[in-house]
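Reviewing the structure listed below.
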Amino acid sequence: VESPNAETTLVRAAIQGDAEALEQLFLRCAADLTAWVSRVVLGSADAQDIVQDTFVAAFTRLKTLRQPEAFRGWLRTIALTQVRRRFRKQRLLRRLGFADVEPVELESMVSEDAPPEVVTELRQVAGLLRKLPADEALALVLRRVEGYRLEEIAEQLGLSLATVKRRLAAAEQRFQALQEVQ
Amino acid sequence: MSPQHSLSEFVKAPQVSTAALHLEWHEVRRRVRRHRQVRVAGTVVAALVVAGVVAGLALRTPREPFAAGELAVAQETSRTLGLAEGSEVVVSPGGSLELAKADDTEVVFLLQRGRASFDVQKKPSRRFVVKADAVEVRVVGTKFTVQREGPQVEVSVQRGIVEVREGEVVKRLVAGEHWTRVAAPEPEERGEADEEDLSEPPSPTRSTPVRHKRNLRTSPNTAQTPAAPAATTGGTEPLPPLPTTTALPTPADHFAAAMSARAAGRDKEAILGFQQVCERWPSSAYAPMSAFEWGRLALDTEDDPRQAARAFERTLELATSASLIEDALARLTEAYARYDAGSCRRVQAEYLRRFPAGSHVRGVTKACPP
């Protein structure tokens, strides 16, 4: 089990320009972040790219990190920015007719002991993710899949609570409509 | 974060191998370095641009107003003159330029001697003319230079297009082109002159009314284009045939194939693949990771600590990454622990010396048999 203090020490060293500390941080955090991003985007295909973009963004502005002990939370915030950017780009490309809605390969990601209703719900969320506006999609997945509280979603997305409520309501409405159709 | 209700417990995390993480790290490190280099280069370029602008403004000759009927004579330093309509003229030392006319329809300069450069404000409704002896240069919006030494006149265009007129003859010069009229032609050049040159009317100021063929200087970019090799320009020597090569396997291909073999449970094939990478491409980024993966397979699935020790020793020879060296030392301790207590303690001491706060300290400390 990694010691939080050891990680904070590494972050401080990395901020001071220690290259080995950067590498250690990456090796300690990359697997966890990949797992988390895979759950947020409900697919592992994009996760690796997003994680790489996240670390590049984080390491090039590490000096702006005010609280070294909050490194992992900060990484997740940057990762969400990368996810949002990717969702927007994919949506734009689809609207312009340059890309199709890619089928989600959930089989390899859902554990064998998942109840059928859970598999169905995950499939519905994954299907909607590719169609909703980026912020609605993120609010939905953080709420439905990660089970975050509204305040936590607002903090992670850098939005006001009211905005999160509005976007989540819109996403949930579409989600309910999809469930009724199916 | 404290999830209220969560589907995430039913979503499996993808397995990321140590080797894949190390490969990822290489890519992240490369991109971070590139980002920094680009940022530094951008800062340097911006600083140079700012310095250039500041220096340019500081060194810029004050612009004097120039009105119709005035004569500007530059003695030892150049003079920068501005017309009310926005155009600018620089008269070089020794030059003499008269602004004969300047109104909404026409601006006319008379270059009496020397050199003058013109940066002309684009204004289609008025003619902009520079007369130098019998030569007349007409422009719309451009930047050009006219030089006159007695009857010799030279015109250079830096931007846009100008028309050079001499009697009935009109030449158009574009940016980068240069035109010269000299007074004393070589006799043999008369024969080389084209019909247009021979038919032109004599200039009253020239004792020998022959205009040389204009000397067109191509723009630097064109001039510096290297000559194509004979074989590509229809020369007599044909190009040699391209060598017929088959696609050579790269270390990346071998590494990926070995990883696939390992994922499919074909451990011996995977070991062979990793061995090939680190022996055939020892300087590639894949070599240290391949040696490490080879050792892991030998130790964990083949139960062959001697082979594993060789692989981890090889990893230590190839690796430059501190984290990989740390991992390899830890696994090497584990391998030696199974058959060579002395080597185990030696490697254990090495690990603890180099990584006293490493992530494998606890396991390494307990690894060697008493």
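The values are calculated or read from the model by the stated rules, or taken from the named source; none is laboratory data. Everything numeric here is computed off the predicted structure, so don't read it as measured data. Neighbour counts run over all protein chains shown; Cβ positions are idealised from the backbone, glycine included.
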Worksheet item: Taking the range A:127-167 only, how many residues are closer than 22 Å to B:PHE10 by Cα and touching a residue at least 24 places away in the same chain (Cβ under 8 Å)?
Response: 14
Discussion item. Cβ-Cβ distance below 7 Å, separation of 6 or more or different chains: which pairs start in the range B:269-287 with a residue that is without any contact (Cβ under 8 Å) to a residue 40 or more places away in the chain and end on one that is surrounded by fewer than 23 Cβ atoms within 10 Å (Cβ to Cβ) and among the basic types (Lys, Arg)?
Written reply: B:ALA270/B:ARG262
Worksheet item: Of the conditions (1) part of a helix (DSSP H, G or I); (2) modelled with pLDDT under 90; (3) surrounded by fewer than 18 Cβ atoms within 10 Å (Cβ to Cβ), A:ARG39 fails just one. Which one is it?
Response: (3)
Worksheet entry | Of residues in the range B:10-21 being modelled with pLDDT of 75 or more and more than 8 Å from every other protein chain (Cβ to nearest Cβ), the one farthest from B:ALA319 (Cα to Cα) | B:SER17
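Residues checked against (1) in contact with a helix residue (DSSP H, G or I) (Cβ under 8 Å, 6 or more places away or on another chain); (2) buried (at least 23 other Cβ atoms within 10 Å of the Cβ); (3) in a loop (DSSP other than H, G, I, E, B); (4) more than 7 Å from chain B (Cβ to nearest Cβ):
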position	(1), (2), (3), (4)
A:ALA21	yes, no, no, yes
A:LEU27	yes, no, no, no
A:ALA31	yes, no, no, no
A:GLN52	yes, no, no, no
A:PHE55	yes, yes, no, no
Item to complete: Working carefully through the options B:VAL153, B:VAL129, B:VAL89, find the one that is within 16 Å of B:GLU64 (Cβ to Cβ) and touching a strand residue (DSSP E or B) at 6+ places or on another chain (Cβ under 9 Å).
Response: B:VAL89
Worksheet, complete the sentence: For strands (runs of 3 or more DSSP E) lying entirely in the range B:35-94, having 3 or more residues that are at pLDDT 85 or above picks out B:71-73, B:79-82, B:88-91
